[in-house]
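Inspection log for the structure reproduced underneath, given as structure tokens.
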Amino acid sequence: MAKFVLLGGSGKTGRRLTMTLEEQGHPAVVASRNSPARFDWHDTSTWQPVVTGADGVFIVGPGSARDWSGQLTAFLEVADAAGVQHAVLLSSRAVEHFPGGAVDLAEQALAAGPVPWTMLRPTHFDQNFTEAMFVPIDGLITEPVGTGAEPFVDVSDVAEVAAKVLIERAFIGERLSLSGPAALTFEEAAGILSTASGVTVRFKPEDPAAHVARMLAAGTPQEYVRWRLAMLKAIRTGADAYVSDGVHQVLGREATGFADWAAREVPDASWSVPGAQRL
Ligand SMILES: NC(=O)c1ccc[n+]([C@@H]2O[C@H](COP(=O)([O-])OP(=O)(O)OC[C@H]3O[C@@H](n4cnc5c(N)ncnc54)[C@H](OP(=O)(O)O)[C@@H]3O)[C@@H](O)[C@H]2O)c1
């Protein structure tokens with residue numbers, strides 16, 4: 001069985017990827033700053049011990065707030081010397097809307113490096129509504145996206161794609177765009193979240209300038225604010241509403257719909273009502 005190391009393996013995608021790999025009999029080493037296999041992008045001494053003996057590595061970067069391509073280039077040298085044969089990067093489809101940003105530079109570093117690679121470019125995750133940036137606060141989601149739609153993707157689909165790509169060492173040199181099966185407005189998403197959670201979830205469009213002020217007041221780094229605004233503008237203008245077929249291309253099945261994901265995971269969200277009527 002091939003051995004895989006998952007950098008950022010304790011995160012949303014890595015946790016699901018760990019389960020998928022282990023279900024298929026492949027050992028997966030979860031590596032991050034707070035995992036038993038300690039790996040820190042800012043501490044080069046942690047790199048070589050973690051990748052030794054790995055056949056493939058799944059890469060989640062240290063965040064999109066600043067350029068980490070130099071660290072990625074140096075890490076790939078270490079991985080190559082350790083015999084790693086495939087590096088799968090968790091990138092983002094939003095890279096299209098922010099050329100020259102941290103995600104774009106990381107993709108360039110991977111493509112220029114010595115290890116055969118695959119890039120996964122998901123759209124916004126369904127799980128952003130349960131575990132990340134779109135979690136409702138007191139039942140309210142407010143973002144500067146107007147009536148724009150986004151084909152949110154289920155992280156479990158992303159993890160399944162990553163597992164297949166790693167196990168089969170397939171799609172080398174390819175950029176796989178991964179989306180859900182249909183684009184939804186945030187208002188439509190809020191309606192589905194309400195049904196699945198038993199909590200009334202509302203969406204209110206936010207003014208982009210007010211959003212920036214809110215982010216900066218919360219101490220969010222400028223570079224991340226610029227990246228986030230570019231992503232949200234792409235939703236607002238409709239530029240990101242198109243569907244990508246990467247899930248079908250790799251798994252041979254349709255991507256999971258938002259309502260099916262919500263019925264499965266929203267009841268366990270911290271803001272959901274236990275025992276409420278489900279879809
Ligand atoms: N959210 C979305 O909608 C979306 C859509 C497309 C692409 N993406 C991309 O997905 C990536 C994030 O993946 P995710 O959501 O699965 O992860 P996540 O839930 O944000 O977790 C981040 C992971 O990285 C680790 N980590 C953070 N800083 C680190 C450092 N300095 N050194 C080593 N490990 C570090 C964390 O563990 P420790 O804290 O233990 O270190 C954790 O395992 C980003 O690159 C983002 O651009 C996200």
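Only the coordinates and a few stated rules stand behind these numbers; no lab work does. These numbers were taken from a predicted model, which means no experiment stands behind them. All Cβ positions, glycine included, derive from the backbone under ideal geometry; neighbour counts span all protein chains shown.
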Check: in the chain the Lys pairs 8 or more apart or on separate chains whose Cα atoms fall under 28 Å apart number 6
Please report, in debye to the nearest 20, how large the charge dipole of region 20-88 is about its Cα centre when each Lys and Arg carries +1 at its beta carbon and each Asp and Glu carries -1 there.
200 debye
Return the sequence-ordered ³J(HN,Hα) values of region 58-70 in whole Hz as given by the Karplus equation 6.51 cos²θ - 1.76 cosθ + 1.60 applied to θ = phi - 60°, using x for Gly and Pro.
9, 10, 10, x, x, x, 9, 7, 8, 5, 10, 5, x
Quick one: order M1, M215, M133, M231 by neighbouring beta-carbon count within 10 Å, fewest to most.
M1, M133, M215, M231
Per-residue Cβ neighbour rank within 10 angstrom, fewest leading, Y224, Y242
Y242, Y224
In region 104-196, what is the volume of the convex hull around the alpha carbon atoms, normalised per residue and reported in Å³?
120 Å³
Checked region 187-279 with the C-alpha gyration tensor, a ≥ b ≥ c its square-rooted eigenvalues, rounded below a/c of 1.5, otherwise prolate if a/b is larger than b/c and oblate if not; verdict oblate
For region 244-254, in order, what is each residue's ³J(HN,Hα) by Karplus, 6.51 cos²θ - 1.76 cosθ + 1.60 with θ = phi - 60°, in whole Hz (x at glycine and Pro)?
10, 9, x, 5, 5, 4, 8, 9, x, 9, 6
If amide hydrogens are placed 1.01 Å from N in the peptide plane, which non-local residues have theirs closer than 5 Å to the one on L184?
E150, F152
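Figure the gain on full extension for K204 and A217 (residue separation times 0.36 nm, minus the Cα-Cα span) and round it to one decimal in nm.
Numbers: separation 13, 0.36 × 13 = 4.68 nm, distance 2.00 nm.
Length gained, K204 through A217: 2.7 nm.
Tell me, what is the Rg over Rh of region 4-268, with Rh the Kirkwood radius over Cα pairs? Before the final figure, lay out each step's value.
Working: Rg = 18.2 Å, Rh = 19.0 Å.
Value, to two decimals: 0.96.
In whole percent, what relative contact order does region 118-200 give with Cα contacts below 8 Å and a gap of six or more residues?
43 percent
Between rounded, prolate and oblate, where does region 125-279 land on the alpha carbon gyration tensor, with a ≥ b ≥ c its root eigenvalues, rounded for a/c under 1.5, else prolate if a/b exceeds b/c? Mind dumping the intermediate values first?
Values: a/c = 1.89, a/b = 1.22, b/c = 1.55.
Oblate is the answer for region 125-279, as a/c is 1.5 or above yet b/c matches or exceeds a/b.
So between R226 and A112, what do we pick up on full extension, going 0.36 nm a residue minus the alpha carbon distance? Display every interim value, and only then the final one.
Details: separation 114, 0.36 × 114 = 41.04 nm, distance 2.56 nm.
Roughly 38.5 nm would be gained on extension.
Can you sort T13, T73 so the residue with the fewest Cβ neighbours within 10 Å comes first? It would help to have the intermediate numbers written out before the result.
Values: T13 22, T73 17.
By the 10 Å Cβ count, ascending, the order reads T73, T13.
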